[in-house]
Amino acid sequence: MAEHFTPTQLPVVVLWLGATSSVYGLLEEVGQSAEAMSEIVKAVKTYSYLDQAPIQSVDVIESLENTLVLLRPKITADISITRDYADDVPRIEAYGSELNQVWTNIIDNAIDSIEGRGELTLRAYTADGVVTVDIIDNGPGVPPEIQPRIFEPFFTTKGPGVGTGLGLHIAYNIVVHKHRGQIQVASKPGETRLRVVLPIRLAASNSG
Ligand SMILES: Nc1ncnc2c1ncn2[C@@H]1O[C@H](COP(=O)(O)OP(=O)(O)OP(=O)(O)O)[C@@H](O)[C@H]1O
Ligand SMILES: [Mg+2]
């Protein structure tokens, strides 16, 4: 190409080429951000169930995955996520938005517990009219003496201004009172499992 330009033109052309290639780099970045953004917007929209009735037919695995998209900024490179989803998990009748709050609060704690480096496992399966979700981390665990207290309002072991101690209390209310489900903790050092059991059909008597 150089032979088509005079010696005075050549440096200008080289500069121009350099500029355009960084423009291409920028455009590519813009494209990627736009893609990430539309993925986030989509997740927010389904996450909040903005335009839908309070009780929906919810795909539990999809709602877990949407929660992960929104928590992505907290999921650093040294956190590995294992998904163990059965392929026969049915849709459930649920308050979709609130259910996402449950996943958010539990996964948020799991991420806090592994402090930037560790493993998170999400498991979902079904049997006997319920769907069970296990959220497991390999952090230090919940000491046995505080396990009975973690669902209490304002119970926190995090420093002042860090945790409100409301995350699991809110999750408990949503699972147990709104969905007539169960939420349990099982924990030992290196393995903490929060288990949420949800009925496939909401009880007709449910008052919310
Ligand atoms: N995965 C976990 N590993 C270890 N400890 C946990 C885990 N999940 C919860 N806990 C313990 O339970 C406590 C209560 O959790 P909860 O989510 O209700 O409040 P928080 O995380 O302290 O504050 P907030 O959720 O309001 O930011 C935590 O402070 C922590 O001691
Ligand atoms: Mg919390």
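The values are calculated or read from the model by the stated rules, or taken from the named source; none is laboratory data. Worth saying up front: this structure is predicted, and the values here are computed from it rather than measured. Positions of Cβ are backbone-derived with ideal geometry, glycine not excepted, and every protein chain shown enters the neighbour counts.
Would it be correct to say that S63 is farther than 28 Å from E152 by Cα, of a type in the set (S, T, N, Q) and away from ligand 2 (no atom under 16 Å from the Cβ)? It is false that S63 is farther than 28 Å from E152 by Cα, of a type in the set (S, T, N, Q) and away from ligand 2 (no atom under 16 Å from the Cβ). Scanning segment 132-153 turns up one or more residues that are in a strand (DSSP E or B), within 11 Å of ligand 1 (Cβ to nearest atom) and under 13 Å from V196 (Cα atoms). Against the list (1) within 18 Å of the chain's Cα centre (by Cα); (2) closer than 24 Å to G165 by Cβ, the condition T121 fails is (2). Any residue that is modelled with pLDDT under 95 and β-branched (V, I, T) - is there at least one of those in segment 147-161? Checked segment 147-161: no residue is modelled with pLDDT under 95 and β-branched (V, I, T). Quick check on my filter: what residues within segment 119-136 are farther than 20 Å from E93 by Cα, away from ligand 2 (no atom under 15 Å from the Cβ) and out of contact with any Lys or Arg (no Cβ under 7 Å at 6 or more places or on another chain)? Those that are farther than 20 Å from E93 by Cα, away from ligand 2 (no atom under 15 Å from the Cβ) and out of contact with any Lys or Arg (no Cβ under 7 Å at 6 or more places or on another chain): E119, T121. K178 - would you say it is touching a strand residue (DSSP E or B) at 6+ places or on another chain (Cβ under 8 Å), touching a residue at least 40 places away in the same chain (Cβ under 8 Å) and charged (D, E, K, R)? Here the answer is yes, as K178 does meet what is asked. For segment 137-161, the tally of residues that are exposed (fewer than 13 other Cβ atoms within 10 Å of the Cβ), within 12 Å of ligand 2 (Cβ to nearest atom) and within 13 Å of S113 (Cα to Cα) stands at 2. Taking the conditions (1) part of a loop (DSSP other than H, G, I, E, B); (2) within 17 Å of the chain's Cα centre (by Cα) in turn, L99 satisfies each one other than (1). Scanning segment 38-93 for residues that are acidic (D, E), part of a loop (DSSP other than H, G, I, E, B) and surrounded by 13 or more Cβ atoms within 10 Å (Cβ to Cβ) turns up just one, D59. Every condition in (1) touching a residue at least 60 places away in the same chain (Cβ under 8 Å); (2) crowded, with 19+ Cβ neighbours inside 10 Å; (3) within 16 Å of L68 (Cα to Cα) is met by D134 except one, and the failing one is (2).
Taking every residue in segment 150-167 that is more than 21 Å from Q184 (Cβ to Cβ) and pairing it with any residue that is assigned to a loop (DSSP other than H, G, I, E, B) and more than 6 Å from ligand 1 (Cβ to nearest atom), at least 6 positions away or on another chain, the pairs with Cβ-Cβ distances below 8 Å are T164/F154.
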